[in-house]
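Notes to accompany the following structure.
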Amino acid sequence: MKRKTGIFLIIGVLVLILLTGCGTGTEETASEDSKEADKLQIGLSFDSFVIERWLRDRDMFVSTAQGLGAEVNVQVAGGVVDEQISQIEYFIQKKMDVIVIIPIDGDALYDVVKEAKSKGIYVICYDRITPNVNADLYITIDNEMVGTLMGESLIKACPDGGNIFAIYGSPTDKNVEEVEKGFKEALKDSNLDIVYSGYCDNWLAELAATHVNKGLEVTDDVVGVMCGNDDLASQAVKVLSENRLAGQVAVVAQDADLAACQRIVEGTQTMTVYKPIEQEASTAAELAVRLGNGEDISKEENGISVNETFNDGSNEIPYYKITPVAVTAENLDEVIIDGGFHTREDVYLNVK
């Protein structure tokens, strides 16, 4: 009888220990969940990752925001507008503190972004504007200057003037309007004539090849091609190569993709516009955290303050712009390699 009593006593003690242990684990888990819930929540909505640069933007934004104590939920719409709308609705349901958007079609996002604003969520337009929604911040590269740099580079590369093609990006991307404006303004007093132009829906690079082929049907007497980005330029150069014109026709674009930098040192692309995307992404992340914490972003902190405004069509909204740089064979080593954007080994991979 005593032995049975002893056994029951031991079992009781073990059960008590197990229950105590489980209770402690539950409390720790609840505490951890509470800490996660207390973190600032940022939703980051991408158009797609088709363009090389967006992966860099994502990585820098996320690492910077996390370093400042925020959690970032990244969604990618794959170039489908309805998917991006659904993903932003998901952010609203998750009660994000801040939503950062790289829109596929800014106009199409009007209703869902206004809904986010009505819920008290801060909205940042990243690199591309979403018109008329009165966003809390628009941060981008100076897109009109991007176009200006493209135009100036073509003028320098083609001093005798001549015919050029203009292959613009997606017509639903508001940045394309600004780039086109800067480009045409730069060409005003030049001897360069745009004899063919076209747009590439959703930034599909294959459409650039189609446009260059159509341009060559108009005339093969062409001295330059302006491309909306380096991805489009890759297809433009391919068509020029097929027509034995690569290296003879000046090609300008933007983004400083690795392949574009390789083409520059190889002599088939004349210029790309380098946009300090790490600076853009880290600045956007810092400002997103400050907005989410209810801080005044017009006051300087860590050298960053937002003091300009941009008209989104209906409202003057806080605006932060970053200066782009024209990159040619002359300054590529200094800007791209010394700046750590690409390595020398990668850029000069095909050059012996």
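The values are calculated or read from the model by the stated rules, or taken from the named source; none is laboratory data. Bear in mind the structure is a predicted one, so any value in this text is a computation, not a measurement. So basically every Cβ, Gly included, is an ideal-geometry build from the backbone, and we count neighbours across all protein chains shown. When the accessible area is computed, the model is the full protein with side chains, heavy atoms only, and any ligands, DNA or RNA have been set aside. Shrake-Rupley method; radii C 1.70, N 1.55, O 1.52, S 1.80 Å.
Quick one: which helices (runs of 4 or more DSSP H) sit completely within the range 249-352 and have at least 2 residues that are open to solvent by less than 50 Å² (accessible area, probe 1.4 Å) and in contact with a helix residue (DSSP H, G or I) (Cβ under 7 Å, 6 or more places away or on another chain)? First the steps, then the outcome.
Numbers: elements: 258-266, 277-292, 344-347.
The qualifying helices (runs of 4 or more DSSP H) are 258-266, 277-292.
Assess whether D160 counts as being modelled with pLDDT under 95 and open to solvent by 40 Å² or more (accessible area, probe 1.4 Å).
On the way: modelled with pLDDT under 95: no; open to solvent by 40 Å² or more (accessible area, probe 1.4 Å): yes.
Considered against the rule, which asks whether it is modelled with pLDDT under 95 and open to solvent by 40 Å² or more (accessible area, probe 1.4 Å), D160 comes out as no.
With the requirement that a residue be under 26 Å from T283 (Cα atoms), among the small types (G, A, S) and open to solvent by 20 Å² or more (accessible area, probe 1.4 Å), what does the range 136-157 give you? Spell out how you get there, then give the answer.
First, pick out the residues of the range 136-157 that are under 26 Å from T283 (Cα atoms): 136-150.
From the residues that got through so far, the ones that are among the small types (G, A, S) too are 147.
Of everything in the range 136-157, nothing turns out to be under 26 Å from T283 (Cα atoms), among the small types (G, A, S) and open to solvent by 20 Å² or more (accessible area, probe 1.4 Å).
Restricting attention to the range 92-101, does a residue exist that is assigned by the TED database to the domain that holds G294, within 23 Å of Y320 (Cα to Cα) and free of Cβ contacts under 8 Å to residues at least 24 places away in the same chain? Explain how you work it out, then say what you get.
So the first thing to find is which residues in the range 92-101 are assigned by the TED database to the domain that holds G294, and the list is 92-101.
Going one step further and asking which of them are within 23 Å of Y320 (Cα to Cα), we end up with 96-101.
If we keep only those that are free of Cβ contacts under 8 Å to residues at least 24 places away in the same chain as well, we get none.
Checked the range 92-101: no residue is assigned by the TED database to the domain that holds G294, within 23 Å of Y320 (Cα to Cα) and free of Cβ contacts under 8 Å to residues at least 24 places away in the same chain.
With the structure loaded, tell me whether V237 is in contact with a helix residue (DSSP H, G or I) (Cβ under 7 Å, 6 or more places away or on another chain) and under 15 Å from G147 (Cα atoms) or whether it fails that test.
Working: in contact with a helix residue (DSSP H, G or I) (Cβ under 7 Å, 6 or more places away or on another chain): yes; under 15 Å from G147 (Cα atoms): no.
Considered against the rule, which asks whether it is in contact with a helix residue (DSSP H, G or I) (Cβ under 7 Å, 6 or more places away or on another chain) and under 15 Å from G147 (Cα atoms), V237 comes out as no.
How many residues does the range 94-124 hold that are out of contact with any helix residue (DSSP H, G or I) (no Cβ under 7 Å at 6 or more places or on another chain) and open to solvent by 40 Å² or more (accessible area, probe 1.4 Å)?
9
Looking for something modelled with pLDDT of 95 or more and in contact with a Gly (Cβ under 6 Å, 6 or more places away or on another chain) - is there at least one such residue anywhere in the range 271-286?
Looking for residues that are modelled with pLDDT of 95 or more and in contact with a Gly (Cβ under 6 Å, 6 or more places away or on another chain), one finds none in the range 271-286, hence no.
Taking D127 as meeting all but one of (1) crowded, with 23+ Cβ neighbours inside 10 Å; (2) more than 16 Å from the chain's Cα centre (by Cα); (3) closer than 24 Å to N307 by Cβ, write down the number of the exception.
(2)
Quick one: how many residues across the range 120-156 are under 24 Å from G43 (Cβ atoms) and either assigned to a loop (DSSP other than H, G, I, E, B) or in contact with a His (Cβ under 6 Å, 6 or more places away or on another chain) (or both)?
12
Out of S190, S234, S197, which single residue is of a type in the set (S, T, N, Q), in the same structural domain as P159 (by the TED database) and in a strand (DSSP E or B)?
Numbers: S190 fails: in a strand (DSSP E or B); S234 fails: in a strand (DSSP E or B).
Answer to the selection: S197.
Looking only at the range 139-170, how many residues end up being closer than 29 Å to D57 by Cβ and touching an Asp or Glu at 6+ places or on another chain (Cβ under 7 Å)?
So the count comes out to 9.
Among D312, D296, D255, which is the only one that is closer than 30 Å to L349 by Cα and among the acidic types (D, E)?
Details: D312 fails: closer than 30 Å to L349 by Cα; D296 fails: closer than 30 Å to L349 by Cα.
One residue alone meets the criteria, D255.
Can you go through V218, V195, V179, V237 and tell me which one is on the phi < 0 side of the Ramachandran plot, over 19 Å from the mean Cα position of the chain (by Cα) and crowded, with 19+ Cβ neighbours inside 10 Å?
Details: V218 fails: crowded, with 19+ Cβ neighbours inside 10 Å; V195 fails: crowded, with 19+ Cβ neighbours inside 10 Å; V179 fails: over 19 Å from the mean Cα position of the chain (by Cα).
One residue alone meets the criteria, V237.
When you go through Y110, Y138 one by one, which is the residue that is of a type in the set (S, T, Y), closer than 16 Å to G292 by Cα and out of contact with any Gly (no Cβ under 7 Å at 6 or more places or on another chain)?
Going through Y110, Y138 in turn, just one is of a type in the set (S, T, Y), closer than 16 Å to G292 by Cα and out of contact with any Gly (no Cβ under 7 Å at 6 or more places or on another chain): Y138.
Taking the condition of being more than 29 Å from G294 (Cβ to Cβ), of a type in the set (D, E) and open to solvent by less than 40 Å² (accessible area, probe 1.4 Å), how many residues in the range 48-84 meet it?
0
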